[in-house]
Amino acid sequence: MTTLTQSTTWKALKNHTSQLPHMRELFAQNPQRFEQMSVAACGLFLDYSKNRVNDETLKLLFSLAKEAKLSEKITAMFNGDVINNTEQRSVLHTALRSKATQTIIAEGANIVPEVQQTLAKMAKFVGSVQSGDWKGYTGKAITDIVSIGIGGSFLGPKIVSQALRPYWRDGLNCHFVANVDASSICEKLIHLNAETTLFVMSSKSFDTQETLTNTLSAKDWFLAQGASQQDVAKHFVAVTSNVAKATEFGMDANNIFPMWDWVGGRYSLWSAIGLPIALLIGMDNFIALLEGAHQMDEHFVNTPIEQNMPVIMAMLSVLYGNFHGAQAHVILTYDHNLRGLPAYFQQLDMESNGKSVTLDGTDVDYSTGPVIWGGEGTNGQHAYHQLLHQGTALIPADFIMPLQSHNPLGKHHDQLASNCFGQTQALMQGRTYDEALAELSNSPLDDAQIALIAKHKVMSGNKPSNTLLMNKLTPTTLGALIALYEHKTFVQGAIWQINSFDQWGVELGKQLGNDVLDRIGAKEGATQLDSSSNALINLYRQGQL
Ligand SMILES: O=P(O)(O)OC[C@H]1O[C@H](O)[C@H](O)[C@@H](O)[C@@H]1O
């Protein structure tokens, strides 16, 4: 039994939440609800009024945060304290977007100079590739980047590049290879010219099977196109914290961009892992991305928790996960360029808070990280919004939308916005039986049929949502948005007293996968494992059913 669930505040929340009226009633009681439950920060605007809260709920949630010593924990992270207790590491992705004048101590040294040196190395490299000064082995400029990496070494570069498509410099294209399934790399290489292709291999550990395999295959392809071993240095660069392994692999030491143990993979896009992003949008825009995140860092550190955007969003998630039984959370991006963002937040949140023991190893007796999923609006309305409106599961929703489009065309953006706002309204107010009957008042159906259809048209409403707006999706607002969710994830972990920065759960699958790989390649069929695993391996070995 943890102290958290035994606390007075926790018990008060349990009691309070069961007595709150429907959101329709909460809006009717307070015409100022929107004004009182919205907050602006760093170019973002959060409307959290469509939530199952009143002033008392918020007061209790903020008490929970204070009892968790949240402010002290925020300070500890930014100061470089070793808060990742199982790997004995600081957590300082925030240092990657710090100012050159700052001093941030990690492992006994000021890390800001090295961060700045790496940014300068990136800027020089990006400038030379974009200007055409960087030449391939036949003297041609680079036209295509192939980014090889997986997990945090893939999702950040991929999703941010996609989100900032309007900022791509002409003349450069980028292809992302992550999965070890050869289709991923083959379908890209087939269209590329080795003379003008640059491979960026990103792996913090330089020990991830998929990334190593893909990089070796890329190298084989490159050499098979007529290039020679000494040409590799012109076409392969690496981003890693394991410089020794990268050099051993054959990467030219001058082409290795460092990263550090105090940056978690899912928090690393701000480091040289973001090199593909910078190559596409330019270093000036990459710096703007960092600036947006830095602004959100400042907001997070300096703003009282009651007006603190990451804290508000985090405490609302704690409310639904721990007091309303919600086990999932949906991210709905009403912006085509943000279509990949739910997948990014999926790793950020689920790999951070998918834990079941507290920092001191006590089994939790409460829910922790929810299942994060989502997609772009309005597509989701034609796919899964039915469940959001009438399903039995409570799934809180974040709607994210810029007020201005990069492609203002006719009524498109009006329709996008009207759908976004209409959805949050429908989730909140639902439809009563009487309203359904009224809608059927002119129906030719008989009374029994009308009563039946009306019943099927009832929507309970009271479904919570946040609406996050920005003027326009720019590098700066995107940086602030991603940092917002990083800090939201941190706050939830702080409340749940878990380590949000290790990922022991991914180890076993890898170990067993390596064992299966050996059994697939063995002389004899598999017999030592469970009957299912033996059979599956042997089916694969025979290559057909
Ligand atoms: O960057 P790498 O060391 O290759 O790791 C790539 C990924 O591997 C694992 O799946 C970790 O759980 C991720 O957090 C990490 O981003």
Of (1) within 28 Å of the chain's Cα centre (by Cα); (2) more than 16 Å from the ligand (Cβ to nearest atom); (3) buried (at least 19 other Cβ atoms within 10 Å of the Cβ), Q116 satisfies every one except (3)
Residue satisfying all of: in the stretch 265-285; in contact (Cβ under 8 Å) with a residue 12 or more places away in the chain and farther than 17 Å from F154 by Cα; least open to solvent (accessible area, probe 1.4 Å) among these: G282
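Just for the stretch 213-240: of the residues that are in contact (Cβ under 8 Å) with a residue 40 or more places away in the chain and more than 18 Å from S184 (Cβ to Cβ), which one is nearest to the ligand (Cβ to nearest atom)?
In this case the residue turns out to be V239.
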State the number of residues belonging to the stretch 453-474 that are over 17 Å from L332 (Cα atoms) and of a type outside the set (V, I, T). 9
Tell me, which helices (runs of 4 or more DSSP H) lie completely within the stretch 96-198 with 3 or more residues that are in contact (Cβ under 8 Å) with a residue 60 or more places away in the chain and in the same structural domain as G264 (by the TED database)? 112-131, 152-163
For the stretch 435-450, name all the residues that are without any contact (Cβ under 8 Å) to a residue 12 or more places away in the chain and either part of a helix (DSSP H, G or I) or in the same structural domain as S49 (by the TED database) (or both). E435, A438, D447, A448, Q449
If I filter the stretch 451-463 down to residues being part of a helix (DSSP H, G or I) and of a type outside the set (A, V, I, L, M, F, W, C), which single residue comes out as surrounded by the fewest Cβ atoms within 10 Å (Cβ to Cβ)? H456
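For the stretch 241-264: of the residues being assigned to a helix (DSSP H, G or I) and open to solvent by 30 Å² or more (accessible area, probe 1.4 Å), which is farthest from the ligand (Cβ to nearest atom)?
Initially, the stretch 241-264 is screened for residues assigned to a helix (DSSP H, G or I), giving 243-249, 253-255.
After this cut, where a residue has to be open to solvent by 30 Å² or more (accessible area, probe 1.4 Å) as well, the list is 243-245, 247-249, 253-254.
Details: V243: 13, A244: 14, K245: 11, T247: 16, E248: 16, F249: 13, A253: 19, N254: 21 Å.
This residue is N254.
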Return yes or no: is V82 of a type in the set (V, I, T), open to solvent by 50 Å² or more (accessible area, probe 1.4 Å) and in contact with a Lys or Arg (Cβ under 9 Å, 6 or more places away or on another chain)? yes
Exception for T143 within (1) within 25 Å of K204 (Cβ to Cβ); (2) open to solvent by less than 60 Å² (accessible area, probe 1.4 Å); (3) more than 16 Å from the ligand (Cβ to nearest atom) falls at (1)
Filtering the stretch 328-369 for residues that are part of a helix (DSSP H, G or I) and within 16 Å of L468 (Cβ to Cβ) leaves a count of 8
Look at the stretch 152-184 and say how many of its residues are farther than 24 Å from T138 by Cα and open to solvent by 40 Å² or more (accessible area, probe 1.4 Å). 11
Looking at (1) closer than 21 Å to G274 by Cα; (2) open to solvent by less than 40 Å² (accessible area, probe 1.4 Å), which one does F222 not meet, given that it meets all the others? (1)
Of residues in the stretch 393-423 being out of contact with any helix residue (DSSP H, G or I) (no Cβ under 7 Å at 6 or more places or on another chain) and crowded, with 21+ Cβ neighbours inside 10 Å, the one farthest from V53 (Cα to Cα): P402
Considering only the stretch 350-383, how many residues are open to solvent by less than 60 Å² (accessible area, probe 1.4 Å) and without any contact (Cβ under 8 Å) to a residue 40 or more places away in the chain? 1
Which residue out of E195, E187, E210 is within 16 Å of the ligand (Cβ to nearest atom) and open to solvent by 30 Å² or more (accessible area, probe 1.4 Å)? E210
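Filter the stretch 198-207 for residues that are out of contact with any Pro (no Cβ under 6 Å at 6 or more places or on another chain) and within 16 Å of the ligand (Cβ to nearest atom) and give the result.
Passing the criteria: F199, M201, S202, S203, K204, S205, F206, D207.
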Unique residue being of a type outside the set (G, A, S), within 16 Å of the ligand (Cβ to nearest atom) and in contact with a Phe, Trp or Tyr (Cβ under 8 Å, 6 or more places away or on another chain) when the list is L332, L348: L348
Would you confirm whether or not the stretch 121-138 contains a residue that is in contact with a Leu (Cβ under 6 Å, 6 or more places away or on another chain) and within 16 Å of the ligand (Cβ to nearest atom)? no
Checking F45 against (1) without any contact (Cβ under 8 Å) to a residue 60 or more places away in the chain; (2) assigned by the TED database to the domain that holds H16; (3) over 20 Å from W496 (Cβ atoms), which single condition isn't satisfied? (1)
Residues I148, I104, I83: which one is within 16 Å of the ligand (Cβ to nearest atom) and of a type in the set (A, V, I, L, M, F, W, C)? I148
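Yes/no per residue for (1) modelled with pLDDT under 95; (2) part of a helix (DSSP H, G or I); (3) surrounded by fewer than 12 Cβ atoms within 10 Å (Cβ to Cβ):
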| residue | (1), (2), (3) |
| --- | --- |
| L478 | no, yes, no |
| A483 | no, yes, no |
| F490 | no, yes, no |
| D518 | no, yes, yes |
| A535 | no, yes, no |
| Y540 | no, yes, no |
| Q544 | no, no, yes |
Would you pick out the residues in the stretch 493-505 that are open to solvent by 50 Å² or more (accessible area, probe 1.4 Å) and of a type in the set (A, V, I, L, M, F, W, C)? W504
Taking the stretch 286-305 and keeping residues hydrophobic (A, V, I, L, M, F, W, C), surrounded by fewer than 23 Cβ atoms within 10 Å (Cβ to Cβ) and under 30 Å from K59 (Cα atoms) leaves V301, I305
With the first residue restricted to the stretch 22-33 and required to be under 16 Å from T432 (Cα atoms), and the second required to be part of a helix (DSSP H, G or I), Cβ contacts under 6 Å at 6 or more apart or on different chains are M23/M428; R24/Q429
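The values are calculated or read from the model by the stated rules, or taken from the named source; none is laboratory data. On a predicted model such as this, the values are computed, not experimentally measured, just so you know. Reconstructed Cβ throughout: ideal geometry from the backbone, glycine too, with neighbour counts over all protein chains shown. When the accessible area is computed, the model is the full protein with side chains, heavy atoms only, and any ligands, DNA or RNA have been set aside. Shrake-Rupley method; radii C 1.70, N 1.55, O 1.52, S 1.80 Å.
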